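A short write-up of the structure that comes next.
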Amino acid sequence: AFALGDGSGRFTLRGGRLQAELAFPESRLTATARGPLDRNGPIAVRVEAKDLALAPTLRRLGLAHESGVDGTLSAVADVTVPIAEPSAARGMVTLDPVRLVVVEEEWANRGPVVLRWEPTGLAIDRLHLAGRLGDLQASGRWDPRGALGLQITGQFPLTMLPLFRPEIREAAGTL
């Protein structure tokens, strides 16, 4: 569970169509949903996060230990959910700007990071992060039934290894 702080919402149901807006100013999060509430049409959902602090979010999800990942990102997620078949949802997430601090090394995106979700899986259309010591580009697809096709290029400072493997106390060089 995430505490989003005080928020406001407005919901309208008129002629079988839903229009909803939520805003959580303290968390810098807004969401809208629009569409027919019948089995024939999809609901269009948009979630926007501005300057989301990563460290608290990753800790809540259990994805970062105390040596930490920090930074901020802004994101826009547009998702279309067919009411009759929610598993057929499609969406796109655009992250821009992204600023990561990993083991005191700052990384920033070079152009928007674009992720697409389709019933067949997740596609990374574009991910390009660069820092003083390295550069990382990735694209590919992940099928939840098991297949992973990922292409990664770049340079990665080995000083970051202790973040991912706590039993490694120190590393140097570039991969």
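The values are calculated or read from the model by the stated rules, or taken from the named source; none is laboratory data. Being a predicted model, the structure only gives us computed values, none of them experimental. Here the Cβ positions follow ideal geometry from the backbone for every residue, glycine too, while neighbour counts run over all protein chains shown. SASA here: full protein model, heavy atoms, side chains in, ligands and nucleic acids out. Shrake-Rupley method; radii C 1.70, N 1.55, O 1.52, S 1.80 Å.
Return one whole number: the accessible area per residue of the chain in Å², for a 1.4 Å probe.
Each residue of the chain exposes 64 Å² on average to a 1.4 Å probe.
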Å³ per residue of the Cα convex hull, for the range 128-171? 94
Heavy-atom accessible area of residue 164 with all protein chains present, probe 1.4 Å, nearest 10 Å²? 120
Sites matching trypsin sites (Lys or Arg not before Pro) across the range 87-168 that sit in DSSP coil, with at most 15 neighbouring C-beta atoms within 10 Å: 110, 132, 145
Cβ-based net charge around residue 16, under 12 Å, with every Lys or Arg adding one and every Asp or Glu removing one: +2
Expected field for residue 27, accessible surface area in Å² at 1.4 Å probe radius, rounded to 10, holds 30
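Share of the range 85-152's accessible area from carbon and sulfur, percent, 1.4 Å?
58
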Can you send over the solvent-accessible area of residue 167, 1.4 Å probe, protein chains only, in Å² to the nearest 10? 110
For the range 1-125: relative contact order, % (alpha-carbon pairs under 8 angstrom, 6 or more apart): 16
Expected-Rg normalisation [2.2 N^0.38 Å, Cα atoms] applied to the range 36-101: 1.47
When the Karplus curve 6.51 cos²θ - 1.76 cosθ + 1.60 is applied with θ = phi - 60°, which whole-Hz ³J(HN,Hα) does each residue of the range 139-148 get, with x for Gly and Pro? 7, x, 9, 10, 9, x, 7, x, 6, 9
How much FRET efficiency would the formula 1/(1 + (r/R0)^6) give for residue 126 and residue 37, where r is the Cβ-Cβ distance and R0 is 35 Å, rounded to 0.05? 0.50
Evaluated at 25 °C with a viscosity of 0.890 mPa s, what Stokes-Einstein diffusion coefficient in µm²/s does the range 68-175 have when Rh comes from the Kirkwood expression over alpha-carbon pairs? 158
Where q = 0.13, 0.15, 0.17, 0.21 Å⁻¹, what log10 of I(q)/I(0) comes from the Debye formula for the range 17-138, counting one point per Cα? -0.64, -0.82, -0.98, -1.23
Net charge near residue 115 (other residues with Cβ under 10 Å of its Cβ; Lys, Arg +1; Asp, Glu -1) is +1
Could you please put 152, 124 in sequence from largest to smallest accessible area, using a 1.4 Å probe? 152, 124
